[in-house]
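Reviewing the structure listed below.
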Amino acid sequence: SRFETCWPALMKDSHGVIIIFNPDLPSHLKELEMWYSCFVQQQPLLDSQCLLVAHHKPGSAGDTENLSLAYPLNKLKLIHSNLEEDPEDVRMEFIKYFRSIITILNESREREEMSIIS
């Protein structure tokens, strides 16, 4: 939180937010809501513009099945990353996420252009 003064500059004109956290740390799970609130809800961005990445450290048990997040975080796209086991999976998920952001941007630009024309 010592960087909070920089947040407005980080958020300015952002089109997407990726929140990476360690699911093994209870403190990270608690902070998730704060990050979501500050960086997504207050901007405001759509939930589809946010990606949660539960990053499992090498050698951690990495219980990917039982990570259940409370509302409103459970509405967000959540991927598990474990770069030892399946980096390709994570790469594909990132590509999908970036494509969805580009689609959202193109749609909003088209809407703006239409509103100028009409």
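The values are calculated or read from the model by the stated rules, or taken from the named source; none is laboratory data. All values derive from a computational prediction rather than experimental measurement. Quick reminder, even Gly has a Cβ in these numbers, built from the backbone with ideal geometry, and neighbours come from all protein chains shown. All accessible areas refer to the heavy atoms of the entire protein, side chains included, with ligands and DNA or RNA removed. Shrake-Rupley method; radii C 1.70, N 1.55, O 1.52, S 1.80 Å.
Here are a few things to note about the model shown:
- Protein accessible area in the chain, 1.4 Å probe - carbon and sulfur %: 56
- Extended-chain gain in nm, criterion 0.36 nm per residue less alpha-carbon gap, ARG99 and CYS6: 30.7 nm
- Degrees, to the nearest 10: 87-117 long Cα axis against longest axis of the chain: 20
- Rounded accessible area per residue of region 11-117, 1.4 Å, Å²: 67
- The chain, Cα convex hull volume normalised per residue, Å³: 122
- Degrees separating the helix 26-36 axis from the principal Cα axis of the chain, which is the longest one: 0
- For the pair GLU33 and MET114 in one chain, pulling the backbone fully straight at 0.36 nm per residue adds 25.6 nm over the alpha carbon distance.
- Loop-resident sites, region 1-85, for chymotrypsin sites (Phe, Trp or Tyr not before Pro), counting at most 14 other Cβ within 10 Å (DSSP): PHE3
- Exposed loop sites are taken as trypsin sites (Lys or Arg not before Pro) in a DSSP loop (any state but H, G, I, E or B) with at most 10 other beta carbon atoms within 10 Å; the longest stretch of the chain without one runs 13-118.
- Centre separation in Å (Cα based) which lies between region 34-55 and region 92-107: 15
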